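Trainee: For reference, the structure I am asking about is given below.
The values are calculated or read from the model by the stated rules, or taken from the named source; none is laboratory data. Please read these numbers as outputs of a predicted model, since none were measured by experiment. Positions of Cβ are generated from backbone atoms using ideal geometry, with glycine treated the same way; all protein chains shown enter the neighbour counts.
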Amino acid sequence: MKDDKILIGHGSGGKLTSDLIREFFVGNFDNQILNGLTDSAILDIGNATLAYTTDSYVVDPVFFPGGDIGKLSVCGTVNDLSVSGAVPLFISAGFIIEEGFKFSDLRKISESMAAEATKAGVRIVTGDTKVVNRGQCDQIFINTTGIGILNKKLKHISTGSGIRSGDAIIINGYLGDHGIAILGAREHIQFEDDLISDCASLNHLIQAIIQSGIRIRFMRDLTRGGLATVLAEISENKSFGITINENDIPVREIVKGTCEVFGFDPLYLANEGKVLMVVDNRDALKTITEITNHEAGAKPAIIGKVTDDHPGKAVLNSIVGGRRIIDKLSGEMLPRIC
């Protein structure tokens, strides 16, 4: 911030993003709801409790293996509501379109959004459209806002206030597929094995786990900044620490290999169909079974635990036997990923 200019890294979802939000938005918009910095705002309105979220999508390219900007915008909003424990109901859609954008591509995007909304069981009920001069927007940007209803008993999930030592840390599948699929599409890389984005709505999976009675302490979808940034955020300034085991984290070989070539760390890659759950250790195996029963849970894994050791820090036990502190993403590995 010393040069008085926004950097591309301020959109990474990592440390620079966190600094930007706290410096310019949290202080000026100061209120109890916003200051929680949860994926969705939790609103008590009369006898109802609502989850309310908004997000903008600027992914490049707008079409990629496994999805497009339209599908992504629905999945991302559904997932932000779902990891708060809410049942997603309604979505708004705002479009900023560059002059010259093809009608045929806009039709594909809107049809993709409609199909994903139907699959997720949500309705797109309002929106807005703006067109800007050629060169003033890169093809198309989409903003979506979502509203869901939340059982009051689940209000702790978005804040993680119930996390305690001994809890298990679980993810629902392979990391990094979305980030590397976007990289491949952007750079025209031909992979030996087909690799597609994991872009998916997770509300049906998450609701099945909630309805099963599993004691969920916390959930977060692993988008910008990846697994590592989420682990660093939830342990920061806490009385507990987090330990994860690199050997237990599912990453496809093609993702590992591509990361080695480009110097990326798969723990920081964006995902669009992955959720991290912190659950009571007694429910860990039951959680794995529930996840396995859904298409969005092909490779679930218990990757670590909450511990009394190293409070305020997340630590990785590496494959080679060393240990390192996990911090938030610094800078930007792959811009415009969502």
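Trainee: For the range 293-334, which positions are under 20 Å from T17 (Cβ atoms) and at pLDDT below 90?
Mentor: Across the range 293-334, the qualifying residues are K328, L329, S330, G331, E332, M333, L334.
Trainee: For the range 2-59, how many residues meet the condition of being on the phi > 0 side of the Ramachandran plot, out of contact with any Gly (no Cβ under 9 Å at 6 or more places or on another chain) and either at pLDDT below 90 or not in a loop (DSSP other than H, G, I, E, B) (or both)? Don't jump to the end; show me each part of the working.
Mentor: Step one: list which residues in the range 2-59 are on the phi > 0 side of the Ramachandran plot, which gives 4, 13, 37, 46.
When the remaining residues are screened for being out of contact with any Gly (no Cβ under 9 Å at 6 or more places or on another chain), the result is 4, 37, 46.
Then drop every residue that is not either at pLDDT below 90 or not in a loop (DSSP other than H, G, I, E, B) (or both), which leaves 4, 37.
The total comes to 2.
Trainee: Here is a further query. Look at A120 and say whether it is farther than 24 Å from A185 by Cα, among the aliphatic types (A, V, I, L, M), crowded, with 20+ Cβ neighbours inside 10 Å and in contact with a helix residue (DSSP H, G or I) (Cβ under 7 Å, 6 or more places away or on another chain).
Mentor: On the way: farther than 24 Å from A185 by Cα: yes; among the aliphatic types (A, V, I, L, M): yes; crowded, with 20+ Cβ neighbours inside 10 Å: yes; in contact with a helix residue (DSSP H, G or I) (Cβ under 7 Å, 6 or more places away or on another chain): yes.
So A120 passes the test.
Trainee: Find the residue count for the range 218-276, including only residues that are under 14 Å from the mean Cα position of the chain (by Cα), farther than 24 Å from K155 by Cβ and not in a loop (DSSP other than H, G, I, E, B).
Mentor: The qualifying residues number 5.
Trainee: Test S104 against the stated conditions and say whether it is within 19 Å of C137 (Cα to Cα), assigned to a helix (DSSP H, G or I), of a type in the set (S, T, Y) and touching a residue at least 24 places away in the same chain (Cβ under 8 Å).
Mentor: When the stated conditions are applied, S104 does not pass them.
Trainee: Restrict the check to the range 189-197 and report whether at least one residue is touching a helix residue (DSSP H, G or I) at 6+ places or on another chain (Cβ under 8 Å), among the charged types (D, E, K, R) and surrounded by fewer than 19 Cβ atoms within 10 Å (Cβ to Cβ).
Mentor: yes
Trainee: Hey, any hits in the range 125-147 for a residue that's of a type in the set (G, A, S), assigned by TED's automatic domain parsing to the domain that holds T49, more than 20 Å from G225 (Cβ to Cβ) and under 17 Å from the mean Cα position of the chain (by Cα)? Before you say what the answer is, go through the steps one by one.
Mentor: At the first step, the residues of the range 125-147 found to be of a type in the set (G, A, S) are 127, 135, 146.
So of that shortlist, the ones also assigned by TED's automatic domain parsing to the domain that holds T49 come out as 127, 135, 146.
When the remaining residues are screened for being more than 20 Å from G225 (Cβ to Cβ), the result is 127, 135, 146.
Pick out the ones that are also under 17 Å from the mean Cα position of the chain (by Cα) and you get 146.
Looking for residues that are of a type in the set (G, A, S), assigned by TED's automatic domain parsing to the domain that holds T49, more than 20 Å from G225 (Cβ to Cβ) and under 17 Å from the mean Cα position of the chain (by Cα), one finds at least one in the range 125-147, hence yes.
Trainee: Tally time: how many residues in the range 17-37 are in contact (Cβ under 8 Å) with a residue 40 or more places away in the chain and in contact with a Lys or Arg (Cβ under 9 Å, 6 or more places away or on another chain)? Write out each step before concluding.
Mentor: Just the residues of the range 17-37 that are in contact (Cβ under 8 Å) with a residue 40 or more places away in the chain, to begin with: 17-18, 36.
Narrowing further to those that are in contact with a Lys or Arg (Cβ under 9 Å, 6 or more places away or on another chain): 17-18.
Number of matching residues: 2.
Trainee: Can you confirm whether the range 172-187 contains a residue that is assigned to a loop (DSSP other than H, G, I, E, B), crowded, with 20+ Cβ neighbours inside 10 Å and among the acidic types (D, E)?
Mentor: There is no residue in the range 172-187 that is assigned to a loop (DSSP other than H, G, I, E, B), crowded, with 20+ Cβ neighbours inside 10 Å and among the acidic types (D, E).
Trainee: Oh, and also: For the range 77-96, state whether one or more residues are over 23 Å from the mean Cα position of the chain (by Cα) and surrounded by 16 or more Cβ atoms within 10 Å (Cβ to Cβ). Please lay out each step first, then the result.
Mentor: Of the range 77-96, the ones over 23 Å from the mean Cα position of the chain (by Cα) are none.
No, the range 77-96 has no match at all.
Trainee: Oh, and also: Looking at the range 167-185, which of its residues are among the aliphatic types (A, V, I, L, M) and touching a strand residue (DSSP E or B) at 6+ places or on another chain (Cβ under 8 Å)? Explain how you work it out, then say what you get.
Mentor: Within the range 167-185, the subset among the aliphatic types (A, V, I, L, M) is 168-171, 175, 180-183, 185.
Listed by number, the residues that qualify are A168, I169, I170, I171, A181, I182, A185.
Yes/no matrix, rows are residues, columns are (1) modelled with pLDDT under 95; (2) within 23 Å of M113 (Cα to Cα):
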{"residue": "H188", "(1), (2)": "yes, no"}
{"residue": "D194", "(1), (2)": "yes, no"}
{"residue": "A200", "(1), (2)": "no, yes"}
{"residue": "I214", "(1), (2)": "no, no"}
{"residue": "R217", "(1), (2)": "no, no"}
